Amino acid sequence: MREEINESAAQAKAAPNPRIVKIKNFWKKLTSSKSAVIGGILIILFVLIAFIGPYFTPYSPFDTDTSNRLVGPSMEHWFGTDNYGRDIFSRIIHGMSITLYVGFFSVFIGMTVGVLFGIVSGYYGGKVDTVIMRFMDILLAFPGILLALAIVAVLGSSLENVIIAVGIFSVPVFARIVRGSTLAVKKLEYIDAVKALGATDGRIIFKHILPNVASPIIVQATLSIATSILSASGLSFIGMGAQPPIPEWGAMLSDGRNYMYDATHIATIPGLAIVVVVLAFNLFGDGLRDALDPKMKN
Amino acid sequence: MFTFIVRRLLQTIPVLIGVTILTFGMMRLIPGDPAQIMAGESASPEQIELTRERLGLNDPLPVQYMDYVTGIVTGDLGTSVRNGRPVSGEIAPRLRPTIELAFYSTLLSVLIGVTAGVIAAVRRGKLSDSLIMLFALFGLSMPNFWLGLMLIQYFAIGFDVGGINTGWFLASGWGTWQQMVLPVITLGTAGAAIIARMTRSSMLEVIDQDYIRTARAKGVKERVVVYRHALKNALIPVVTVVGLQFGALLGGAVLTETVFAINGLGRLMVDSINARDFPIVQSGVLVFAFLFVLVNIIVDILYGFLNKRIDLN
Amino acid sequence: MVKATDILDEQPILEVKDLQTSFFTEKFEVKAVDGVNFAVPKGKTLGIVGESGSGKSITSLSVLRLIQDPGKIKGGEILFKGENLLDKSEAQMRKIRGNEISMIFQEPMTSLNPVYTVGQQISEAYMIHQNMSKKEAMLRSTEMLELVGIPSPKQRVKQYPHELSGGMRQRVMIAMALACDPELLIADEPTTALDVTIQAQILELMKDLQDRLGMSIIMITHDLGVVAETCDYVAVMYMGKVVEYASVTDLFKNPKHPYTVGLLNSLPRHDVDLGDVELNVIKGSVPSPDNIPTGCRFAPRCPFASDICHEKLPHLEQSEEGNQIRCWIYTDEWDGDPEVNVNDQRST
C-alpha cells in the first residue's frame, strides 16, 4: 500500500495542472452525452438567430398587410401571416432575442440573489440563516407563476416586470441548493486550515466556497432558464407581460387563440418555437448534470 | 401519529403568518394611494376618504395588519372594487372548479407518471425507456396553454378521420366529463413528465439496493420484486415531488382556466388583475398559498405513512 | 483426520464444475469467476476464502443465479442434488430460491426492506413456497424469530428493520433464510459488518441451527478465523480461481499454496507474542481485472515464483491427501528450487 501511495504522488507531480485535467474530463463527459451535444448546438444556433437573424428576415415583424391576413404557410410566408397580415416567420425570428433575453436575465436575477442568500445563510448560520430560510419558505409557499402574477399585478404589466417577477420566484431554489452545498463545504477540513491562515470571510467565500458550489448552480441555472421561459410566455399569454405589437411568442400565441377555426398556424407556430427552445435548454441541462454531478438527480 | 400531525400543523403557522404579511405588504407596495386603489380608479374623493376610514388606513401599520388578519380569520376579506360585493362571496364559488381541476390533474399525472417511470426503469436502455423519456422531456418543455389550444384544435374542434369527427370533447366550461377531459390533460401533462423522470431515477436507485437482492434470493417473482419491494421504496421521494409540483400545478391552473374559459379562481385572478380589482387579487393569492401549504401538509403526512424510517413521534 | 476424499463417499449436495461468470463493460470482459470447481458435502460447511475481488461473492450469487446485468454466467455446471441449476427455467429457479437454497448477506443494515415489518418479510417466504395463509405465515415467522434467539418475538415480528440492531437484523435474515428449511444455506460474509462479540454469537447460532436442522452451509468469508471456527472444508479463491481446496485441518496445519500461506500469515496471532515483528502481509495488491497475469494469477506477488509460474497457468491437481492445489511447485514441471517448502515462510 505504502508503495502505491508513493507512486501516485510521483504521478501527480508529473501530471499537468489538475484544473486543466478536470476541465478536460468534464468536456469529454459533456461531449459524450448525446443530449448535451444536441441541446448545446441548438442553444448556440438560437443565440446566433437572436443576434443576426433580425437582419435577414424577409419582412418587418411589424408591417401589416390587410390583403394578406390569416394566410397559411406558403413559399412567400413560410409560417403564414397573422390577423394583421404580419409575416409570422419574421416575428418568430425577432421574438427569439426576447425569449432568450427573458430567460437569461430572469435567471441571472434569481441566481444572483439566491446565491447571495444561500451563501450568507449557509456560511454564517445562526439567526441570519433562520431568518433567510424562513423567508425562502414563505416565497416557496406561493405557487410558482402566481407569485409572478402577484408581482406583476403590483408593478404593472410589462416585459421588464415579468423578468423581475420570474426572477424572484427562482430565488428560493438557488438559495436552498447553495446553502446546502455551502454547509457541506464549510465542514471540510481545509476551510478550517485556510481560516487559521488568516483568510477573510470574503476571500473564503469567493476563492473556496463559490468554486465548489459552481456545478449545482450551473445545472440549476440551465434548467431554470427553461422554466423561466415557460413562465414568462405564460404571463404574456394572459396579457401580463409583453404588450402588443412586440413579437413575444406567448403574446403571439394569445392572438392566435381567436382564430383557431380559421388559421390554426397562428397559435401553433409560436408554441412550437417555445417548445423547441425550452427543449434545448432542458436537454443541455440534463447532459450538464450528468457530466458535472452524476449523483444529482432531478 | 396524532402528535405528528399536530406538530406539522403548528409548523405551518409561521409560514402562514409570513404569507399574510406578504399579501398585506403587496397592497402597500402598489405605487399610489392604497385607498384610491381599494376604492377603484373611478371613485370620487369622498368615496376614497370613506374607504380610507373603513380600511383604517390612518392607523399605524401593525394595527392595520392585525385588522387584516382578524378579517381573514373571520372570513371578511374586504369588498370587490368592481361590484362592491364581499370578496369572500366572489371567491367561494370559484374554489370548486379550481380544486377539482387541480385534484384530477394531480391524479392523472401521478398515475401516468409513476406507471411510465416504472416501465422506463424496468426496461432501462431499451427502446421503450428511450421513448418514454423523450415523451417526458417534451411534456416538460411544452407550455401548457399551448398544449390546451392544440387539444382544443384537434379534439374539440376536431377533424375528420375516415368519416369520424374527432371533436369528442368540449372546449370550454367545467362540470361535465366532456368539459373536464381536455383541461385535466392540459394541466396534468407537465406533472406526469416530472413524476415519470423522478420515478425512473428513484426506481433505478432502489433496484440496486441489497434488500431487492434479498427478495430475489427468497424466490419472489420479478414482477412482485418490482411492484411490492422496489416501488414502495421508490415512491418515497416521488411523494415529496408531487407536493412541490402542486404549486406549479396551481400556477398552471391560472393558464388552463383561461384557455378553457373555466370560471375558477385562476381566471378570477386574471380578470381582477386586468380590472385592477386588488382586494380580489390579494385574497386570491392568499387562498392559493393556503391551498398549497395545506396540500403539502397532507403530502408530509402521507410521507410519514410511507417512510417507516421517520419517527413520527 | 478428515480428508477431502471423504466427500466422494457420498454424493455432495452441491457440486460446482468449471463455473464461469463474467461482467461485460463496453470495452472488455471481466472474468470475475473463471473456472471454479468445488463441492459441498451434505450437512457440512464449506468455506470459500479470498480477498475482496477474488470472485467469492459472485460465485455464491451465481449458484442462485442472481447475477444481474451486465453480469452473465458463461459456462460450467452447478449440480444441486445432481441436477444442473443452469438448465432450470426462471420459474423453477424461483422454487429453489429461499426454499431449497437460501442466502444471507453481508450487510444486515441494508438487506432488509425498510418499508415492511420483519414479520411481513419472513412470512413472504412461507406464502411463496408453502402456500400458507397470511395469519399462519405470521405465526410461523414468530416461531422462527424465537428459534434464532430474538427475545420477545411476538413484539419484534411487528417491528420495522430500523427498530432493530445490526445483530438482531442478521438474526432476522437467518430466520428468513431458514424459514422453509433449506438444504443449503449460502452465507456471504454474514458477520463482517457486525461487532466482534455479536460476530461470535451469530456464528454460534448458525452452528447450532446446522446441528438441529442438518443443512449444508457455504460460508463466504475473508476471515480465516471464521473458517477455523465454522468450516469443515475450505476453498481458497484468488482472482476468480480456486487455488487450494482442502479440509480445514489440513489447510491450517499444512497449507500448500503460497497464497494460502500468505493469508494465514496475515492473521493476527494472539497466542504468540510477535514483539516488534510487523504483521506479515502479502506484498503488492490484487492486479486490476483488465491486467490479468498470463501465467499463474498469483505469480507477481508470490515469493516463490519461478519462470514457469509467469508463463503458464497451473491446473487444479489432486494431492495425495485428496486435497486440491493449483501450484507449479507440486508438479513435475516445477523449475524452481526442488527443495522449496512454502511452510518455511510461515510466521510462527
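Quick notes on this structure:
- When the residues of region A:65-89 are filtered to those that are β-branched (Val, Ile, Thr) and surrounded by 15 or more Cβ atoms within 10 Å (Cβ to Cβ), the one that is nearest to the chain's Cα centre (by Cα) is A:88.
- Candidates B:276, B:267, B:228, B:200 - the one that is basic (Lys, Arg), within 14 Å of chain A (Cβ to nearest Cβ) and surrounded by fewer than 19 Cβ atoms within 10 Å (Cβ to Cβ): B:276
- Enumeration of residues in region C:314-339 that are of a type outside the set (D, E, K, R) and under 14 Å from residue C:255 (Cβ atoms): C:319, C:323, C:324, C:325, C:327, C:329, C:330
- Any chance residue B:85 is among the basic types (Lys, Arg), modelled with pLDDT under 80 and loosely packed, with under 15 Cβ neighbours inside 10 Å: no
- One residue from A:135, A:142 being of a type in the set (Phe, Trp, Tyr), under 26 Å from residue B:245 (Cβ atoms) and buried (at least 20 other Cβ atoms within 10 Å of the Cβ): A:142
- Residue in region A:176-183 that is surrounded by fewer than 21 Cβ atoms within 10 Å (Cβ to Cβ), on the phi < 0 side of the Ramachandran plot, among the hydroxyl-bearing types (Ser, Thr, Tyr) and over 16 Å from the mean Cα position of the chain (by Cα) present: no
- Restricting region A:79-100 to residues that are in contact with a strand residue (DSSP E or B) (Cβ under 8 Å, 6 or more places away or on another chain) and more than 23 Å from residue A:44 (Cα to Cα), the residue that is modelled with the lowest pLDDT is A:81.
- Odd one out for residue C:304 among (1) buried (at least 20 other Cβ atoms within 10 Å of the Cβ); (2) touching a Phe, Trp or Tyr at 6+ places or on another chain (Cβ under 8 Å); (3) not small (Gly, Ala, Ser): (2)
- Screening residue A:145 with (1) over 28 Å from residue A:278 (Cβ atoms); (2) touching a Gly at 6+ places or on another chain (Cβ under 7 Å); (3) β-branched (Val, Ile, Thr) gives one miss only, at (1).
- Unique residue being buried (at least 21 other Cβ atoms within 10 Å of the Cβ), within 7 Å of another protein chain (Cβ to nearest Cβ) and of a type in the set (S, T, N, Q) when the list is B:144, B:233: B:233
- Scan of region C:31-72 for residues that are within 26 Å of residue C:91 (Cα to Cα), of a type in the set (D, E, K, R) and more than 11 Å from the chain's Cα centre (by Cα), ordered by number: C:42, C:65, C:69, C:72
- Top-ranked residue of region C:10-31 - restricted to ones that are assigned to a strand (DSSP E or B) and among the aromatic types (Phe, Trp, Tyr), ranked as surrounded by the most Cβ atoms within 10 Å (Cβ to Cβ): C:23
- Considering region C:103-125, and only residues there that are out of contact with any strand residue (DSSP E or B) (no Cβ under 9 Å at 6 or more places or on another chain), more than 7 Å from every other protein chain (Cβ to nearest Cβ) and crowded, with 20+ Cβ neighbours inside 10 Å, the residue that is modelled with the lowest pLDDT turns out to be C:108.
- Counting only strands (runs of 3 or more DSSP E) that fall entirely inside region C:197-272 and contain at least 3 residues that are more than 26 Å from residue C:166 (Cβ to Cβ) and touching a Gly at 6+ places or on another chain (Cβ under 8 Å), the qualifying elements are C:233-238.
- 1 or more residues within 26 Å of residue B:245 (Cα to Cα) and touching a residue at least 60 places away in the same chain (Cβ under 8 Å): qualifying helices (runs of 4 or more DSSP H) within region B:1-109: B:2-29
- So residue B:121, is it modelled with pLDDT under 95 and within 12 Å of another protein chain (Cβ to nearest Cβ): no
- Close contacts from region C:126-137, counting a first residue that is more than 13 Å from chain B (Cβ to nearest Cβ) and more than 14 Å from residue C:176 (Cα to Cα) and a second that is in a helix (DSSP H, G or I) and charged (D, E, K, R), with Cβ to Cβ under 9 Å and a gap of 6+ residues or different chains, come to C:132/C:140.
- If you check B:111, B:101 for being of a type in the set (A, V, I, L, M, F, W, C) and surrounded by fewer than 23 Cβ atoms within 10 Å (Cβ to Cβ), only one passes: B:111.
- The criterion of at least 3 residues that are away from chain B (no Cβ under 13 Å) and touching a residue at least 40 places away in the same chain (Cβ under 8 Å) is met by the following helices (runs of 4 or more DSSP H) wholly inside region A:116-182: A:159-169.
- Test: residue in region C:130-149 that is out of contact with any Ser or Thr (no Cβ under 7 Å at 6 or more places or on another chain), at positive phi and surrounded by fewer than 17 Cβ atoms within 10 Å (Cβ to Cβ): yes
- Of all the residues in region A:214-248, those that are buried (at least 22 other Cβ atoms within 10 Å of the Cβ) and more than 17 Å from the chain's Cα centre (by Cα) number 8.
- Candidates A:237, A:281, filtered to the one that is touching a helix residue (DSSP H, G or I) at 6+ places or on another chain (Cβ under 9 Å), within 20 Å of residue A:38 (Cβ to Cβ) and within 11 Å of chain B (Cβ to nearest Cβ): A:281
- Qualifying residue in region A:266-276 (condition: touching a residue at least 60 places away in the same chain (Cβ under 8 Å), within 26 Å of residue A:150 (Cβ to Cβ), β-branched (Val, Ile, Thr) and within 11 Å of another protein chain (Cβ to nearest Cβ)): yes
- Any chance residue B:297 is more than 7 Å from every other protein chain (Cβ to nearest Cβ), in contact with a Leu (Cβ under 8 Å, 6 or more places away or on another chain) and of a type outside the set (Ser, Thr, Tyr): yes
- Residues of region C:38-58 include at least one that is part of a helix (DSSP H, G or I) and among the aliphatic types (A, V, I, L, M).
- Test result for residue A:251, without any contact (Cβ under 8 Å) to a residue 60 or more places away in the chain and more than 9 Å from chain B (Cβ to nearest Cβ): yes
- Lone qualifier among C:215, C:237 - being under 22 Å from residue C:178 (Cα atoms) and either polar (S, T, N, Q) or at pLDDT 90 or above (or both): C:215
- Subset of region C:320-348 [among the hydroxyl-bearing types (Ser, Thr, Tyr) and in contact with an Asp or Glu (Cβ under 9 Å, 6 or more places away or on another chain)]: C:330, C:331
The values are calculated or read from the model by the stated rules, or taken from the named source; none is laboratory data. Computed from a predicted model, the values in this text were never measured in an experiment. Glycine also receives a Cβ, built like all others from the backbone with ideal geometry; neighbour counts cover every protein chain displayed.
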